[in-house]
Amino acid sequence: MPFECPIGCPADCCYFSDEGQTPTVFRDEMLRLEEEASRRGLSLSFKELGEFNGVKIYRWIIKGWCPFFDRSSRRCVIHDRKPLACKMFPLVLDLNTGNIYLSENCIWVRQNGPKPLDDFPNEKGALMRVVRRLRLARP
């Protein structure tokens, strides 16, 4: 059965207590997020992490709840426009090792344990787009 966020999920993936947990984004995603934030009167913060295979990447600095997470409806208000790092969650790509793992920050993963990537078709698709953009695989 493919992964699906469970009803009543505490949305741990949208809460950040540590900068190391926050999403890594591409420049175009950063600009799109800033545009979305500006329309909503929000201010965002990013830190350039450098280049990976010639591609600039940034850390989206979030302290606490993601500014695009609506806590009353428990939904992402930019769901269709969120960055690939969010779309591929709970899959995580470690850029230092190239390893892919399932985040224990996801209640579904904590409850169901490890599963093959094919159980995460949408998330795997987002992961593959990240891999291509970072030039980790040939098209």
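Summary table below
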{"item": "Enumeration of residues in the range 1-40 that are closer than 16 Å to Glu123 by Cα and hydroxyl-bearing (Ser, Thr, Tyr)", "result": "Thr24"}
{"item": "Filter pass, Ala11 being in contact with a Ser or Thr (Cβ under 8 Å, 6 or more places away or on another chain), open to solvent by less than 50 Å² (accessible area, probe 1.4 Å) and of a type in the set (Gly, Ala, Ser)", "result": "no"}
{"item": "The range 57-112: number of residues that are charged (D, E, K, R) and open to solvent by less than 80 Å² (accessible area, probe 1.4 Å)", "result": "5"}
{"item": "Test result for Glu4, under 23 Å from Arg133 (Cβ atoms) and loosely packed, with under 11 Cβ neighbours inside 10 Å", "result": "no"}
{"item": "Number of the exception - Asn112 against (1) modelled with pLDDT of 90 or more; (2) polar (S, T, N, Q); (3) farther than 22 Å from Gly20 by Cβ", "result": "(1)"}
{"item": "Some residue of the range 22-42 being modelled with pLDDT under 95 and exposed (fewer than 14 other Cβ atoms within 10 Å of the Cβ)", "result": "no"}
{"item": "Hey, Arg81 over 16 Å from the mean Cα position of the chain (by Cα) and under 24 Å from Met30 (Cα atoms) or not", "result": "no"}
{"item": "Evaluation of Ala37 against (1) within 22 Å of Ala11 (Cα to Cα); (2) within 16 Å of the chain's Cα centre (by Cα); (3) not in a strand (DSSP E or B) (one fails), failing number", "result": "(2)"}
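The values are calculated or read from the model by the stated rules, or taken from the named source; none is laboratory data. Computed from a predicted structure; not experimentally measured. Cβ atoms come from the backbone with ideal geometry, glycine included; neighbour counts cover every protein chain shown. With ligands, DNA and RNA removed, areas are computed over all heavy atoms of the protein, side chains included. Shrake-Rupley method; radii C 1.70, N 1.55, O 1.52, S 1.80 Å.
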